[in-house]
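Inspection log for the structure reproduced underneath, given as structure tokens.
The values are calculated or read from the model by the stated rules, or taken from the named source; none is laboratory data. If you're wondering where the values come from, they're calculated on a predicted model, not measured in any experiment. Quick reminder, even Gly has a Cβ in these numbers, built from the backbone with ideal geometry, and neighbours come from all protein chains shown. Ligands, DNA and RNA are excluded from the accessible area calculation, which covers all protein heavy atoms including side chains. Shrake-Rupley method; radii C 1.70, N 1.55, O 1.52, S 1.80 Å.
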Amino acid sequence: GRNQPATVHALAHWMNDHLGNTGNTVTYTECAEANPVNQNTSLRELAEALEGNDIEILIILGGNPAFTAPSDFHFADKIRKTKFSVHLAPDVNETSSLCTWHIPQNHFLESWGDARAFDGTISIIQPLILPLYDGKSAHELLDAMAAPPGRSDYDIIYDFWKSQNQEPDFEERWRRALHEGFLAKTNLPEKKIKLRPLESLSPAQPPSRSDQAHEIASGAAALEITFRPDATLYDGRFANNGWLQELPKPITKLTWDNAAFIAPALADREKLANGDVVEIEFEDRRLSLPVWITPGQPDGSIGLQFGYGRSRVGNAGTGTGFNVYSLRTASAFWSGNGATLKKTGERHQLASTQIQHIIDSPDRQIVRDGTFEDFTKDPNFIQRSSESPSESDTLFKPGEFAYNGYRWGMAIDLSACIGCSACTIACQAENNIPVVGKPQVAAGRIMHWIRVDGYFRGPPANPQVTHQPVPCMQCENAPCEVVCPVDATVHDKEGLNLQVYNRCIGTRYCSNNCPYKVRRFNFLQYADYNTPSLKPMWNPNVTLRWRGVMEKCTYCVQRISAARINSENQDRPIREGEIKTACQQVCPANAIVFGDLNDSNSRVSRLRSHPLNFLMLGELNTRPRTAYLARLRNPNPKIRV
């Protein structure tokens, strides 16, 4: 990754060459840029020029350097010295507020453009919608400076590539490029290289602080500090997106905040608990923020995520979290040594959606995993590891409803799941799920219909992590149905556990009786019906729920209904794979499979009969329609961790 020093990259290239990968699985091309620029060096030169009043007009295309630039550049102070400055950005941010002019920028989905892939292939960027507002693209702004203004970004892109290709068939090539998404035969030629011997590699850079500064007056040991983009807000550009602010982080499940990740051993030594505020000193800079104890975090290292602490952004992002950029310098862009940590005695409330992560107890096998070696020895080892009680040991009457049509079900492969939570966001967009805010999340009132739980197994210093998406289980023996006094939660003839909103009177009996805790209650009027700019965001095929009703995953019943209507109009059954739930459609690892359990050839049926298949809390005999495939690991026996 780009956060690694040049020596690590050189070592990786040498290893690939030593293994015979060069020219086979690893190829090299000429650089697309004639003279590649070191961004940090270039930005430092700009900061020095601004300091010397050598620049009269400063034009910034996108970005937010007043917030994201290394703190030792003092970029915000230097922008103020410029006589005339222009910032093209989609919204007014920290940089825009310091500039003479702010020009509203089109969203990238509203603009024409072009780009190069890693191999040099040129792609034509095409807009998906017309601009909602009267913004300008970077192409249009630059074109206005170099030529008479008035050309659209489409004309600019078209005219440029036409000037690069004087052949008479350009129009045909252009249309083909728009259809295929790229210009054919524009990839850069492969480059034959010969690596220098490993001994010629220069050593890694020394720590950014002197050895004398590695100990502070109190005698506390110096720590490593690492800087990484936030898992949801990235570098802060998405801070005003309430969906991403409320999306739980992959490991910590924190929302609406960032924290200093520390190892359990470091927390024990410093007598720290989650939410304790510490002061971190690094490169003569100080920042106070809360800690979050994270199994697997290296001892002696503090993990920080930038992107929070915005001062000029919309209502969702202003004032949330802590500005880690204030500690980041050009010499320690991704990591550094010599940081110190001191407990302040203050507390900060952190809102996490999961409070139990350890699953070493053999009594409740909520999530199951094993090794490939275990599987080869006994394919049924998952089932044998936790025998379920007999179906007679239940409060439900035995029996099976005869599903003569479709019988919908889902299977989730835990070996494939990477815990990215894309399914949560897709479900939120598809089903008009509102944002509730940090105080409501802290009170346990988050509204997501599918969550991704994370579990640790093994020693805290180096645990194994398993991610488990949890939608509604669509139980055959649904505990929620038998307690509803008004039949608001009912079973349909295809096995779906449905929620009739206009019957619900908000007793919450169903939520109390659900062992999986996948039902959500509208404590307050979270959905905004009135703001005009939000109305296009709502899915018209899904009801907007009101205060006081229960809601939950429906396997995207609106998509099932649309497929049923389409198939009936064509006088045929619904095809395998014709219905994709929102979570299934967006999953980058194809870990979620949905289909008809009555079709023995369907993929979901085959997975349900797989030896790794298991039911969460199957011993309760709720007979879930959502099943899991246990996670398999295949560690190399020669590698000792």
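Contact order normalised by length for region 89-186, with contacts defined as Cα pairs under 8 Å and 6 or more residues apart; what percent is it?
On the way: 111 pairs, mean separation 26.3, N = 98.
Relative contact order for region 89-186 comes out at 27 percent.
Scalar couplings 3J(HN,Hα) for region 341-349, obtained by applying the Karplus form with A = 6.51, B = -1.76, C = 1.60 to θ = phi - 60°, are 10, 9, 6, 9, x, 8, 10, 9, 6 Hz; x denotes Gly and Pro. Taking amide H as placed 1.01 Å from N in the peptide plane, L233 has no amide H partner under 5 Å among residues 5 or more places away or on another chain.
Over region 1-128, what is the mean sequence separation of C-alpha contacts under 8 Å (at least six apart), divided by residue count, expressed as relative contact order in percent?
On the way: 134 pairs, mean separation 20.5, N = 128.
Normalised by residue count, the contact order of region 1-128 is 16 percent.
Each Cα pair under 8 Å and six or more residues apart adds its sequence gap; the mean of these over the residue count of the chain is a relative contact order of 12 percent.
Rounded to the nearest 10 degrees, the angle from helix 6-18 to the longest Cα principal axis of the chain is 70 degrees. If you take every DSSP beta bridge fully contained in region 84-134, what fraction is antiparallel? Give it as a percent rounded to 5. Percent antiparallel among DSSP bridges in region 84-134 is about 50. Share of carbon and sulfur in the accessible area of the chain stands at 53%, probe radius 1.4 Å.
Counting helices only, and only those DSSP H runs with n ≥ 4, report the 222 nm mean residue ellipticity of the chain as the sum of -39,500 (n - 2.57) divided by its residues, in deg cm²/dmol to the nearest 500. Working shown, then result.
Values: 17 runs with 132 residues, N = 641.
Only helices count here, giving -5500 deg cm²/dmol.
Considering only Cα-Cα distances, which of the following residue pairs are longer than 25 Å: K249/K517; K377/K638; K192/K638? Flagged as over cut-off: K192/K638.
Would you mind getting the accessible area per residue of the chain, heavy atoms of the protein chains only, 1.4 Å probe, in Å²? Write down the numbers at each step before the final one.
Numbers: 33880 Å² over 641 residues.
Spelled out: the 1.4 Å probe surface of the chain, per residue, equals 53 Å².
Spatially, region 553-615 and region 297-336 are offset by 42 Å when compared through their Cα centroids.
Backbone amide hydrogens, once placed in the peptide plane, bring A627 within less than 5 Å of M410, A411, I412, excluding anything fewer than 5 places away on its chain. Lys and Arg at +1, Asp and Glu at -1: add these up for the other residues within a Cβ distance under 12 Å of G242 and post the number. Around G242, the charge tally is -1.
In whole angstrom, note down how far apart the Cα centers of region 32-47 and region 131-180 are. One Cα centre to the other: 26 Å. Rg ratio for the chain: its Cα radius of gyration over 2.2 N^0.38 Å, N being its residue count, equals 1.10. Per residue of region 463-468, in order, report the coupling 6.51 cos²θ - 1.76 cosθ + 1.60 (Karplus, θ = phi - 60°) as ³J(HN,Hα) in whole Hz, putting x for Gly and Pro. Per residue, the Karplus-derived 3J(HN,Hα) values read x, 8, 10, 10, 9, 9 Hz. Computed from backbone phi, the HN-Hα couplings of region 590-600 come to 6, 7, 10, 10, 10, x, 9, 6, 6, 8, 5 Hz, rounded to whole numbers (Karplus: 6.51 cos²θ - 1.76 cosθ + 1.60, θ = phi - 60°; Gly and Pro given as x). Separation of region 55-113 from region 483-511 is 52 Å, based on Cα centroids.
Counting only DSSP beta bridges with both residues in the chain, tell me the antiparallel percent, nearest 5.
Working: 45 of 73 bridges.
Once the DSSP bridges in the chain are tallied, antiparallel ones form about 60 percent.
Taking amide H atoms as placed 1.01 Å from N in the peptide plane, the amide H of F306 lies under 5 Å from those of R228, D230, each 5 or more residues away in sequence or on another chain.
Left without a cysteine partner by the 4.7 Å Cβ rule in the chain: C31, C99, C417, C420, C427, C475, C484, C504, C514, C556, C587. Cross-link partners for K580 among the lysines, with Cα-Cα distance under 21 Å and sequence neighbours closer than 8 places in the same chain left out: K493, K552.
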